[in-house]
Every structure is written in C-alpha cells, then in structure tokens.
C-alpha cells in the first residue's frame, strides 16, 4: 500500500558514451527524463528532423506489415491475442541491426508492389468495360472507324430500340426525301438498340446522318481503327497479361512474407530510436559532456548505479525531490491489491502527499463486486476462465495480467456470495432436479435467499455501505493526521462519525424503523438518548467548525449550517448501496427466467435439448450483462461514494524512458 | 368485477416491459449510431465502444425482470389467477416506477453514452471515466427497480 518513493536523478557523463548509456537506460526503463532549461554552457540539440525520419520509417514498416497482413495473413492460434510481446535477446537485436537496411528495402518493395497491384487491379475492370462495349459490334467485319472509299463515306452508330432494315429506310425516306444513295447494314439488333453500319455518297452522308440523328441515332463513344473482333482479342490478351503480372506481384509479396519478423523488428527499432532521440532532445549538452535529469524510484537506484558505474565514467547524484515539485507517481501494492491499481489509475493517481487508496479499496472492490453478481456458477466460470488464461499465457502483458487477476479475485468473491445466497446459475439445480429427475434437490443458501427476504439484504447492503463510507472517512482521518493536521482531522472526520453514527443508532431505537427493516431487536430508549446526544454534539461541532476559514462570525455560522446540510449527502450515499440488492436480485431473477423458459417443454429428450440450448444462450447473455453491470457499479461505488469522502487524486503517472515497442521486448538478463 | 384485478396486474407487468424496453431500444440505438462512427475511424475500438453502447440497455432488462416477477406472483405463469381488483391495482402501481423511470433514464443515459463515446475517441485513456458518466444515470433506474421489486414482493403478502 504505497506510493513508491521517487528520487531526483542527475547524471553527468562524457558525450562519447551517450549512445551506450541511453541504450542501457532504455532497456532498464526505470528513469523518467525531464526537460530542462538551457543556459550558456549547456544547450539542447534539435532532434526533430531525425525523429521525423524515424517516424516515417516506422510508419513504412507498419504499412509493409499491413500489406503482408492483407495478402498473406498470419495463422494465429486462438489465444494469441492474449499473448504478450515476443522476447528478444540483446544478441538477436544486435544481429538485426546489420539486416536493418535490407529490411527497409523489403518494406519499400512491399509498399511499391502493393501500389502497383492496386493500380493494375483497377485497370482490369476498365478494359472489361471496353470489351463489353464492343460486344454488339462483333459481327462487323470492317474496322469501326472505316475510312470510306473514293466516293463514299461510312460511319457506325446505334438507334435506340429494335428496328428492321425496312423500317429504317422508310423512316429515313420520310425525313430526308432527297437522300437516295444510302446503304444501311444492321450489325446487331436487340431490344435496347440497333447497331448500324451506314454507307452513303460523300455528298449525302451528312444529310443522311442528320436525318438518322433525328431518329435518335448516335455514334458510339469509343470507335477503334480495328475490326471489333480483333480489338476484343487484343483487349483480352492485355487483361490476361495484366492478370499474370498481378499474380507475379502477389507471389512476390507472398515470398516476402518470410521477412515479417524482421519488419516487426524494424518497426520496433524505429519506434525505440524515435523515443531515444526524443530523450536526447531533452538532454543538456556541452561540447564534450551531457547532463540528464529525471526521476527514478528509490528501489531501482542501487541496481542502476552499480550497472552504470561498472561500465562508464559517470557522475550520478540522487536528491530528495523538493516538496512543491511535480513528482510522477508509481504505485506498489501487494499481490491482492495490485490488480485494482488500474481502477485507481482510471479515476486518478494519488496527488502530492496523498495516501494510495488501492489496498483498502481492493478488499471492498472484491466484496461489492461479488455481491452484485452473487452467483456461484458465474463465479466459477470467471475463476476458471481467468486461471486458464493466467496459466496458459505465461508471456501475458502486465496490464492484461492485472485485469485477469482482478477478475479472478472478483470471481472467487462472486462464488462465495453465490453460496451464501443460494445462486448457482439462478435456481438451475432445483429446476433441473424437479423437471428431469423428479427430485426436490435444491442448491440451498448458506445464509438466506434474497428473493424471499429482500429487506434483509437491503439492510445488509446499507450496513456494508455505512462501513465502506466510515472506512473512507477513516482514510481521511489518517491522511490529515499524517499531514499533522490533527485538529482538522477532529473537525472534519470525528464530528461526522458522531453525527452519522449517532443518527443511525438513534434510528434503530425507533420501533417503526426496526419493524420496517425486519430487524429482530429494537435498542432501548437509553441508548437512543445517548445516541441522540452524540449526534447532537457532532452536529454542533460541525456547525461550529466547518466554517472555520471565515473570520466573520456570521459567515462562519452560515457556513457551519451549510456543512450540517451535508448530512443529506450521507443519506443519499448510503441509499446508493441499495444497488447491491437490486443488481444481485437482477442476476438471480434473470437467470431464473431463462431456466423457466428452458423447462417449457417439460422433461424428456425434447425438453432436455430445449433446456440445454436456452440454458447456454440465456446464461451467456446474463453473465455478460451482469458482469458489465457489476463492474460499472462497483467502480461507481468506489469512485463516487468511497473516494468522495477522502480522495482527490490528480497525480501524474510515472512514464519512464524505455522501449515502448509493439512486437518485441528485451529479455532481462538474469 | 374480480376478473378486472388480474387484468390491471398484467397491464402493469406489460407496461414495465414495454416502457423500459422502448427506452432501452431507443438508447442502445442512439449509442449504436455513435459507436458505428467511432469504429469507422478506428476498428480496434470495437470492444470498448460496444461496452459504452450497451450501457443504456440494462433498463430493458430491468423492465423484463419486473414483468417476469409480476407474472409469477400473479399466477399467469401457472397457478390460480384469482385476484381482487384492489390487489390488481396495487400490482399495476408497483410496476409504474420501473416503466417510466426505465423509459426516460435509458434515453438520457444514451445521450451521456454518446457523449462518452466521443470523449473516448478523442482521449482513449479516459475509458474508465467514460463508463462512469452514463452509469450515473443508471442509478435512478436501479432505484426504481428496487422500489418496484420491493412493492411487488410486499403486495404478495398483503391480504386484500
């Protein structure tokens, strides 16, 4: 349970060792490098140009991988998405640096091939369209653009609709009486169009065409110098050749797939160099030396110090950060609490001087989650799935591993509450036993069944809520005491304990309340009096002190009264825990609905088949919906009700200079 | 006259499923449109955006739940369907919170979801917060669910 103590680090070394030192730091990933201001001696080097080249090359490698993924997809086992990055030794990495240029060429080649294939592929439909256009003209045995003879002109074109030769002549005659020497040949006729080859004497050709135009005649868009059948053969040959070229290019892409690993490495290589050069840009450099400043977790200091001093001449200094410095935050927790670090981080990391709430939160997180899902069957599925992944994928990334562990613990808690409340896939045990085996076997609740006694669970939820809130207040007390503000701790925490605690106890002395909640006891009036006095004192304390910042007594009183008004927020906070009951019931009742639907055909083979199908689909759905619900609402109870009492956050995450790669990670030398 | 009791009870159950279901259908639809846009830009977001889309879907399920326990309590799913008019009206009233709150909260939650999807697209690291904002709205659906459940179970024990 802690925020890792951070130290400020200053490293001064010779420039000739710069590359080696930075590479070592990058592999260790323990130092966050800080940007510092320039002065007369030390200046920054401008690395933006180099970085943009690296970025470009990384993007190129990425593109090449994308091309390979499209043309020659990798066969991946089902669980591979859970697997982390591959491990790589330093030797493998050094060996790759020799192949780097060659791999870059492969990347360029892949990019070029991809572009060419795309162009060629778009060419083919264009030619096919041309072939399509030629089809009605195939019968024509002279070139489409016929030069004519000494005395005649010839042209081709189409009339809309189906025409007979006679019909055309008659129509033509009626439109242009003077035209006499025209010869029309129908090349092809279909319902859409009639294709014509028209020959006329030079003097009448124009007139004939005009007359035909009035009938809707139009010349085709593409007219070739060749005989249509020849042209078609030519086009088809070209398509075939193009296809062969595409096939060759695709084959080449396939043959380049063996470089996939190298391309991945190339991407990582440039991503790392880009990161490294980003750091170089932040360094203070003189002619022969450089200075690096940053933060390091105190626990990493000895290892790094011995390693650096063993290999290089360096001056290393570690300072305690100044109190007002913006120190980055890293969390360190035990095995049970570490998995929920991500939840804390998704709210906000602890701010300056704040306590890490993770370990306290973790306990409640698991308990609340379990109560909301509260089904032993679902819990066991979660446990099985998470342990399977954790055992099967050793190489899993740490973030994913933590989530898996979190859901594993949540699953254990879910199983526990399921046993307490008698939920195993809803009422599946009882339903199956009575429908198929005619026995009255049921999965008995160890404690009680919420469906039968909802008030009891509601009271328990409120009780859990009060404990949760009071622990939150306790955290505030601890936090204030740690900062030496004992008085504030009394004013802001103890008085609230008195007011809220007293009020709750006082309520329990009222017959009406205990009856409503179904409690078997009512506290005696004496206890009530004491509780009322305690609550009253708490309220007075709050009125007197919550406006203590104001000097004006009237203003202070008003602020104090407003402070007491805050008790309503406690009321709504406590009521908010009723969602434990509601979501717990929702899981159980929806499961029951599905079980009931499954038994609609009764016993027997048909009934068993229907039951199995409904059971599988229904419970998968229910598990999905309620898992989401439990996750979201557990987070809400933590973020709003619990953190609202003491936690502010606002810390900046520790982001050390390291190898932030996508495909490979360095194997740690032992 | 006594036959009207069961009719009102069933009307209540139907309203709970109807209104909450309509709300969730509208809500999930709205969020789905936003989600589709987000996925167009970056297909890798699918898993997380889907979660945000599903958030307004719970009201429909709560409505179903209320409808179902009402059906079992009033004997429609087997058993006798004898009921006084007063009792039938009580069941009807008990179902109303879930129906109405379900309808409005699902739509409002969907609007928060849509905004959260936008936020998640611009700043993917805020996913945790993006989930919480729509979930705040759901609180009221849960409270309505609670009151409906408690009422329905309570009415079963009444002797009128």
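The values are calculated or read from the model by the stated rules, or taken from the named source; none is laboratory data. Bear in mind the structure is a predicted one, so any value in this text is a computation, not a measurement. Quick reminder, even Gly has a Cβ in these numbers, built from the backbone with ideal geometry, and neighbours come from all protein chains shown.
Quick notes on this structure:
Residues checked against (1) without any contact (Cβ under 8 Å) to a residue 60 or more places away in the chain; (2) within 12 Å of another protein chain (Cβ to nearest Cβ); (3) buried (at least 19 other Cβ atoms within 10 Å of the Cβ):
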residue	(1), (2), (3)
B:64	yes, yes, yes
B:92	no, no, yes
B:98	no, yes, yes
B:111	no, no, no
B:117	no, no, yes
B:126	yes, yes, no
B:148	no, yes, yes
B:155	no, no, yes
B:159	yes, no, no
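- Which numbered condition residue A:526 misses (of (1) assigned to a loop (DSSP other than H, G, I, E, B); (2) exposed (fewer than 14 other Cβ atoms within 10 Å of the Cβ)): (1)
- Options A:118, A:129; residue that is loosely packed, with under 15 Cβ neighbours inside 10 Å, within 50 Å of the chain's Cα centre (by Cα) and under 21 Å from residue A:224 (Cβ atoms): A:129
- Selection status of residue B:138, within 20 Å of residue A:579 (Cβ to Cβ) and either at the interface with another protein chain (Cβ under 10 Å from one of its Cβ atoms) or surrounded by fewer than 16 Cβ atoms within 10 Å (Cβ to Cβ) (or both): yes
- For region A:376-397, filtering for residues that are touching a residue at least 24 places away in the same chain (Cβ under 8 Å) and farther than 30 Å from residue A:599 by Cβ leaves 7.
- Screening residue B:83 against (1) touching a helix residue (DSSP H, G or I) at 6+ places or on another chain (Cβ under 6 Å); (2) away from every other protein chain (no Cβ under 14 Å); (3) not in a loop (DSSP other than H, G, I, E, B) leaves a single unmet condition, (3).
Results for (1) touching a residue at least 12 places away in the same chain (Cβ under 8 Å); (2) more than 30 Å from residue A:183 (Cβ to Cβ); (3) assigned to a helix (DSSP H, G or I); (4) more than 29 Å from the chain's Cα centre (by Cα), shown as yes or no for each residue.
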{"site": "A:68", "(1), (2), (3), (4)": "yes, yes, yes, no"}
{"site": "A:100", "(1), (2), (3), (4)": "yes, yes, yes, yes"}
{"site": "A:125", "(1), (2), (3), (4)": "no, yes, yes, yes"}
{"site": "A:133", "(1), (2), (3), (4)": "yes, no, yes, yes"}
{"site": "A:141", "(1), (2), (3), (4)": "yes, no, no, yes"}
{"site": "A:145", "(1), (2), (3), (4)": "yes, no, no, yes"}
{"site": "A:154", "(1), (2), (3), (4)": "yes, no, no, yes"}
{"site": "A:159", "(1), (2), (3), (4)": "yes, no, no, yes"}
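- Qualifying residue in region A:435-451 (condition: in contact with a helix residue (DSSP H, G or I) (Cβ under 6 Å, 6 or more places away or on another chain), more than 30 Å from residue A:602 (Cβ to Cβ), surrounded by 17 or more Cβ atoms within 10 Å (Cβ to Cβ) and touching a residue at least 12 places away in the same chain (Cβ under 8 Å)): no
- Test: residue in region B:120-131 that is assigned to a helix (DSSP H, G or I) and under 13 Å from the mean Cα position of the chain (by Cα): no
- Helices (runs of 4 or more DSSP H) completely within region A:571-661 that count 3 or more residues being within 11 Å of chain B (Cβ to nearest Cβ) and within 26 Å of residue B:50 (Cα to Cα): A:578-598, A:604-636
- Only one entry in A:625, A:609, A:617, A:590 is surrounded by fewer than 21 Cβ atoms within 10 Å (Cβ to Cβ) and in contact (Cβ under 8 Å) with a residue 24 or more places away in the chain, namely A:625.
- For region A:82-98, a tally of residues being surrounded by 12 or more Cβ atoms within 10 Å (Cβ to Cβ) and either in a helix (DSSP H, G or I) or in contact with a helix residue (DSSP H, G or I) (Cβ under 6 Å, 6 or more places away or on another chain) (or both) returns 5.
- Only residues that are facing another protein chain (nearest Cβ under 10 Å) and over 14 Å from residue A:588 (Cβ atoms) were counted in region A:440-460, giving 2.
- Residues in region A:70-81 that are loosely packed, with under 12 Cβ neighbours inside 10 Å and either assigned to a helix (DSSP H, G or I) or more than 24 Å from the chain's Cα centre (by Cα) (or both): A:70, A:78, A:80, A:81.
- Complete set of residues in region A:529-568 that are surrounded by fewer than 18 Cβ atoms within 10 Å (Cβ to Cβ) and outside any helix (DSSP H, G or I): A:548, A:549, A:550, A:551, A:552, A:566
- Candidates B:31, B:14, B:36, B:25, filtered to the one that is at pLDDT 90 or above, away from chain A (no Cβ under 13 Å), over 9 Å from the mean Cα position of the chain (by Cα) and buried (at least 21 other Cβ atoms within 10 Å of the Cβ): B:31
- Within region A:328-338, none of the residues are under 26 Å from the mean Cα position of the chain (by Cα), within 14 Å of another protein chain (Cβ to nearest Cβ), buried (at least 19 other Cβ atoms within 10 Å of the Cβ) and under 30 Å from residue A:625 (Cα atoms).
- Take the conditions (1) more than 14 Å from chain B (Cβ to nearest Cβ); (2) within 20 Å of residue A:465 (Cβ to Cβ); (3) touching a residue at least 12 places away in the same chain (Cβ under 8 Å); residue A:568 misses just one of them, which is (3).
- Qualifying residue in region A:47-63 (condition: buried (at least 20 other Cβ atoms within 10 Å of the Cβ) and not in a helix (DSSP H, G or I)): no
- Screening residue A:354 with (1) in contact (Cβ under 8 Å) with a residue 60 or more places away in the chain; (2) in a helix (DSSP H, G or I); (3) surrounded by 15 or more Cβ atoms within 10 Å (Cβ to Cβ); (4) more than 14 Å from chain B (Cβ to nearest Cβ) gives one miss only, at (2).
- Residues of region A:474-504 satisfying the condition of being assigned to a helix (DSSP H, G or I), in contact (Cβ under 8 Å) with a residue 60 or more places away in the chain and either surrounded by fewer than 18 Cβ atoms within 10 Å (Cβ to Cβ) or touching a strand residue (DSSP E or B) at 6+ places or on another chain (Cβ under 7 Å) (or both): A:478, A:482
- Of all residues making up region A:192-241, the number that are surrounded by fewer than 16 Cβ atoms within 10 Å (Cβ to Cβ), part of a helix (DSSP H, G or I) and touching a helix residue (DSSP H, G or I) at 6+ places or on another chain (Cβ under 7 Å): 3
- Just one residue in the set A:664, A:646, A:639 is under 30 Å from residue A:87 (Cα atoms) and in contact with a helix residue (DSSP H, G or I) (Cβ under 8 Å, 6 or more places away or on another chain); that residue is A:664.
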